[in-house]
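For reference, the structure discussed in these notes is given below.
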There are 4 protein chains.
Amino acid sequence: MTQSPILVVTTGGTIDKQYFDALSEYQIAESIIQELLRTARVTHPFRVLELMRKDSLELDDGDRALIAATIAHAPETRVVVTHGTDTMTDTAQALAGLEGKTVVLCGALAPARFAESDAAFNLGMAFACCQAAPEGVWITMNGTVFDGLQVRKDRAAGKFVPR
Amino acid sequence: MTQSPILVVTTGGTIDKQYFDALSEYQIAESIIQELLRTARVTHPFRVLELMRKDSLELDDGDRALIAATIAHAPETRVVVTHGTDTMTDTAQALAGLEGKTVVLCGALAPARFAESDAAFNLGMAFACCQAAPEGVWITMNGTVFDGLQVRKDRAAGKFVPR
Amino acid sequence: MTQSPILVVTTGGTIDKQYFDALSEYQIAESIIQELLRTARVTHPFRVLELMRKDSLELDDGDRALIAATIAHAPETRVVVTHGTDTMTDTAQALAGLEGKTVVLCGALAPARFAESDAAFNLGMAFACCQAAPEGVWITMNGTVFDGLQVRKDRAAGKFVPR
Amino acid sequence: MTQSPILVVTTGGTIDKQYFDALSEYQIAESIIQELLRTARVTHPFRVLELMRKDSLELDDGDRALIAATIAHAPETRVVVTHGTDTMTDTAQALAGLEGKTVVLCGALAPARFAESDAAFNLGMAFACCQAAPEGVWITMNGTVFDGLQVRKDRAAGKFVPR
């Protein structure tokens, strides 16, 4: 296993949703990823890049091209992408074929700021997967390491399933 | 990546420490692992086996032999072992050479019942690692997937480092 | 101080907001008040009555009349009302003059399901206030026991202030 | 109700217990009270005085005399004392008769750093009680405002009950 540095690209999604009382609504806020990694006492070298703050339903082809280009040009070969769950598999498709990169997408079904969230577990999965898995695109949700091109979200059931 | 079932063997350690007011002290309690997996919305097939409830400083060779035998005879090939951190690497040595098994040890530096614990992240890492890594013994702590035979705990610094 | 039973009337508001992934939005869910009281290890006699699940901006005069009638006809003389913060002071006005009742309104600026919420603290204040304060209407928010008729919410600042 | 400033005296106890991995044990740490008040979004004027860090079983008459003198000489008339639960009622006796002071003792049966703790609720009760109750000594635990001289801890049951 490598100790090579990990790049964490944040794009928004439920995992980063905060509640704004003055608006009586939730919005994607400053990423909580740094705090999750601090709580997890991560000493592995990493770099967090807050690329965008969007609901994944708002992401378009241009956004996906930007994510791909960012990863392609980064020095790190191990990459975690935090992402909204609704179009996570679309982004996985857009990231296929990045040579020399192990890319893992993850997100959360409940905001990380909730007391009961899947965020820390999923992020932990992604950290391990990008170190242990071969080159390619992976998704770590619901306790499974999915091939990023062979998975879909079952929105009604609120979980990811093999395709 | 496989969707084959995961065996989770709990042995005690800080991760499962609860506070008992009537005793004014902490003791290892009923394992919280099931609850962590529920919070993480894990739908991947798994089985939890509460094998012992010990501080890892109390584990002896007989305990380690029991853990090894339990894994060797289990039908699952993907195994997570939750364990106290102080002698985690000793147990890793004892589990080396189990044929056909990917075994991942993890624990926590702060009890899982704390609001700020590394437990969920570490357990997520172990879940991903036992699916993505080849046969062998691994340790997932501090954000790194360590070769279980090439790592030690730096007790003063409160972290695992390569050996 | 009395040990007489406390009636807790829940009406909705931010305190009970849950996140629904399938809708990508937050809605008021089954009240979390019972769970907050269990976590607080409350052994004082109480009864929870889930009267409505509304954002306080949606409450109308009919709703307020119902809350008042419910309290007036309840056997308990000590009453806690959980409520959205935006129109909490309007409801306080509507509850003025209930003879023989100590009524305390509280809510939260962040949902109780968040790891960092003011919910438990505010509910604790309300529990103590309804036991210690004389007949009348009180609001317990931001660490202060306010006279319910002499307070307003400063929405921009996100806090309650004397009027 | 007054908006006069509140003095919070911390003396240690379970509420402030932290886990120290390097020692494999829990000890009373830097007080978490400031953080609880920040999370509760308290804007009421207050001052925190960390007087000692002791298990309440270790407190002696000299400690209790110091607590009493500190409160007697403080400019604030509204006082909250955080305290271990085992001898909380002994300290209440020692604080009886402080003229012009409303003193409220509280603590927690589970450390405030736990995800599921009664700490925030109990501290909220104390904040409200010291504003709403008349001069005297009170204890806010288990959802009840107790007369500080008419209560005992039932250690086996893990709760406070009237005496």
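The values are calculated or read from the model by the stated rules, or taken from the named source; none is laboratory data. In this text the structure is predicted, and so the values were computed from the model without any measurement. Cβ coordinates were reconstructed from backbone atoms using ideal geometry, including for glycine residues, and neighbour counts include every protein chain displayed.
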(message) Condition first: among the charged types (D, E, K, R) and either within 7 Å of another protein chain (Cβ to nearest Cβ) or closer than 18 Å to A:Ile32 by Cβ (or both). Now tell me which residues in the range A:87-141 satisfy that.
(response) A:Arg113, A:Glu116, A:Asp118
(message) Looking only at the range D:142-163, filter to residues that are at the interface with chain C (Cβ under 7 Å from one of its Cβ atoms) and of a type in the set (D, E, K, R); which one of those is farthest from C:Arg41 (Cα to Cα)?
(response) D:Asp147
(request) Name the strands (runs of 3 or more DSSP E) wholly inside the range C:75-145 in which the number of residues that are surrounded by fewer than 24 Cβ atoms within 10 Å (Cβ to Cβ) is 3 or more. (result) none
(request) Considering (1) within 21 Å of A:Trp138 (Cβ to Cβ); (2) more than 15 Å from the chain's Cα centre (by Cα), say which one B:Cys129 fails and leave the rest. (result) (2)
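Residue by residue through the range A:146-159, note down the ones that are surrounded by fewer than 24 Cβ atoms within 10 Å (Cβ to Cβ) and assigned to a strand (DSSP E or B). Steps first, please.
Residues of the range A:146-159 surrounded by fewer than 24 Cβ atoms within 10 Å (Cβ to Cβ): A:147-159.
A:Asp147, A:Val151, A:Arg152, A:Lys153, A:Asp154, A:Lys159, listed by residue number.
So which residues in the range D:132-163 are aromatic (Phe, Trp, Tyr) and more than 12 Å from the chain's Cα centre (by Cα)? Give the steps one after another, and end with the answer.
Within the range D:132-163, the first condition is being aromatic (Phe, Trp, Tyr), and the residues that meet it are D:138, D:146, D:160.
Once the filter is applied, which keeps residues that are aromatic (Phe, Trp, Tyr) and more than 12 Å from the chain's Cα centre (by Cα), the range D:132-163 yields D:Phe146, D:Phe160.
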(request) Test C:Ala68 against the criterion of being of a type outside the set (S, T, N, Q), more than 7 Å from chain D (Cβ to nearest Cβ) and in a helix (DSSP H, G or I), and give yes or no. (result) yes
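Out of the range C:24-65, which residues are in a strand (DSSP E or B), surrounded by 13 or more Cβ atoms within 10 Å (Cβ to Cβ) and away from chain D (no Cβ under 12 Å)? I'd like the intermediate steps shown before the answer.
Going through the range C:24-65, the residues in a strand (DSSP E or B) turn out to be C:25-28, C:46-54.
Checking the rest, the ones that are also surrounded by 13 or more Cβ atoms within 10 Å (Cβ to Cβ) come to C:26-28, C:46, C:48-54.
Of everything in the range C:24-65, those that are in a strand (DSSP E or B), surrounded by 13 or more Cβ atoms within 10 Å (Cβ to Cβ) and away from chain D (no Cβ under 12 Å) turn out to be C:Tyr26, C:Gln27, C:Ile28, C:Val48, C:Leu49, C:Glu50, C:Leu51, C:Met52, C:Arg53, C:Lys54.
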(message) With the requirement that a residue be within 13 Å of chain D (Cβ to nearest Cβ), buried (at least 20 other Cβ atoms within 10 Å of the Cβ) and over 19 Å from A:Phe20 (Cβ atoms), what does the range C:2-23 give you?
(response) C:Ile6, C:Val8
(request) Only residues that are under 19 Å from A:Gly143 (Cβ atoms) and modelled with pLDDT of 95 or more: list them for the range B:1-33, please. (result) B:Pro5, B:Ile6, B:Leu7, B:Val8, B:Val9, B:Thr10, B:Ile33
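So is A:Asn142 at pLDDT 95 or above and either at positive phi or among the charged types (D, E, K, R) (or both) or not?
It is true that A:Asn142 is at pLDDT 95 or above and either at positive phi or among the charged types (D, E, K, R) (or both).
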(request) Six or more apart or on different chains, Cβ under 8 Å: which pairs go from a residue in the range C:85-104 that's charged (D, E, K, R) to one that's surrounded by fewer than 20 Cβ atoms within 10 Å (Cβ to Cβ) and not in a loop (DSSP other than H, G, I, E, B)? Could you list them? (result) C:Asp86/C:Leu57; C:Asp90/C:Arg64; C:Lys101/C:Ala72
